[in-house]
Amino acid sequence: MKAPTTGRESSPSRGAFQGAMAESEVKAAVESYSRQLSDARSDGGSEGAAGLARSYYELVTDFYEYGWGQSFHFAPLRRGEPVRRALERCERELARTLELRAGMKALDVGCGVGGPMRTVARCSGASVVGISISPYQIERARRHGERSGLTGLCELVEGDFNAMPFADATFDAAYSLEACCHAADRRGPFAEVFRVLKPGALFAGHDWCMTPRYRPLDPEHERIKRGIEQGNGVADLVPSSELDRALSDVGFETLQTGDSAERGDPDTPWYLPLASGLSLRGFRNSRAGGFLTHQMVRILEAVGASPKGTVQVHDVLRLAQQALVAGGQAGIFTPMYAWLARRPA
């Protein structure tokens, strides 16, 4: 995934996993990932899903920043538009949808390394509080925030979005970009968002879902779904109808839902940067670029320039890339099922 340059390593070699965990811990963490994925699927509980998400992002955050930038999400693409610009446009549209302005306080649910929250704060003047379950992502977000000069508008909190450390009716608005798919049940984070929003406040975002084209008994569809889950630290992807139901079950008034992936140019589907190497800008995100990066990672690990286990992490991300492209091409998966909801006044 992703593309900017400010605040990240020029390659995933130096700095990969440094600060996240000691080198001796990396291989053990990678080997435990598949066990955690299996456990999260079998117990179906929020604790298992939360542990899976935490471990996943401790391992892959450096690769995400190298390959995609500081905004860990997708956006509808326009022909000839760089991915970075599309991501920022999506984030600015979100700020406008939430009617954010100076003096308001918004919540970013699953903030990653803070790319979206900095864009939202910069363009709206609102203050934004971001919450992430990953200590390493919070550390990276703080570093980026210090460089951006937006520390007065951006606050970071380490915590679980199923049990957020905020008082009732704290926020004027909330949003989430492709983060709540890591919950065992979206009712968990959605109920917490409902609790911490002021009456009448808006909640918007988009998330990963299976589309109505997905057929659970189709072996190929099931293979793609499992690949997306395994490669992205998600316990179980659910149909978009389940997201709609979760919003209403916790008390939200749903104003609008729909697949934002359908808003892009038909010639530039959301998964195109992961599938093609037609330009140098998107090359390292493509299959060919991913293959060459993988060879580089193998060499770096072999000579001791990267920790043991780095190749296995990149294997997980290559699976994610291939499964996401397959899901997009088949039309059975979207990373951008969007909603706009309101907490009743």
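The values are calculated or read from the model by the stated rules, or taken from the named source; none is laboratory data. Just so it is clear, the structure is predicted and the values come from calculations on it, not from any experiment. Cβ atoms come from the backbone with ideal geometry, glycine included; neighbour counts cover every protein chain shown.
Please go through segment 89-111 and pick out each residue that is under 29 Å from residue 50 (Cα atoms) and crowded, with 20+ Cβ neighbours inside 10 Å.
Selection gives 90, 91, 94, 95, 98, 106, 107, 108, 109, 110, 111.
Of 179, 191, which residue is of a type in the set (A, V, I, L, M, F, W, C), more than 16 Å from residue 113 (Cβ to Cβ) and at pLDDT 95 or above?
Of 179, 191, the one residue that is of a type in the set (A, V, I, L, M, F, W, C), more than 16 Å from residue 113 (Cβ to Cβ) and at pLDDT 95 or above is 191.
Identify the residue in segment 50-81 that is hydroxyl-bearing (Ser, Thr, Tyr) and more than 17 Å from residue 229 (Cα to Cα) and, among all such residues, is nearest to the chain's Cα centre (by Cα).
Only one residue fits best here, namely 71.
When you scan segment 318-337, do you find a residue that is under 19 Å from the mean Cα position of the chain (by Cα), outside any helix (DSSP H, G or I), surrounded by 22 or more Cβ atoms within 10 Å (Cβ to Cβ) and modelled with pLDDT under 60, even just one?
no
Looking at segment 29-48, is at least one residue at pLDDT 75 or above, out of contact with any Cys (no Cβ under 8 Å at 6 or more places or on another chain) and not charged (D, E, K, R)?
yes
Check 238, 234 and return the single one that is in contact with a Phe, Trp or Tyr (Cβ under 8 Å, 6 or more places away or on another chain) and modelled with pLDDT of 90 or more.
234
Among the listed residues 114, 145, which satisfies the condition of being in contact (Cβ under 8 Å) with a residue 24 or more places away in the chain, at positive phi and either basic (Lys, Arg) or crowded, with 22+ Cβ neighbours inside 10 Å (or both)?
Going through 114, 145 in turn, the sole match is 114.
Here are 155, 178: which of them is of a type in the set (Asp, Glu), buried (at least 20 other Cβ atoms within 10 Å of the Cβ) and touching a residue at least 12 places away in the same chain (Cβ under 8 Å)?
178
I'd like the residue in segment 242-257 that is part of a helix (DSSP H, G or I) and touching a residue at least 12 places away in the same chain (Cβ under 8 Å) and, out of all such residues, is farthest from residue 338 (Cα to Cα).
Ranking the qualifying residues of segment 242-257, first place goes to 249.
Does residue 128 satisfy the condition of being closer than 26 Å to residue 260 by Cβ and either buried (at least 24 other Cβ atoms within 10 Å of the Cβ) or free of Cβ contacts under 8 Å to residues at least 24 places away in the same chain (or both)?
Yes.
Out of the residues in segment 46-98 that are in a loop (DSSP other than H, G, I, E, B) and among the polar types (S, T, N, Q), state the one that is farthest from residue 142 (Cα to Cα).
71
When segment 217-245 is examined, which residues are found to be surrounded by fewer than 20 Cβ atoms within 10 Å (Cβ to Cβ) and of a type in the set (D, E, K, R)?
Of everything in segment 217-245, those that are surrounded by fewer than 20 Cβ atoms within 10 Å (Cβ to Cβ) and of a type in the set (D, E, K, R) turn out to be 218, 220, 222, 223, 226, 236, 242, 244, 245.
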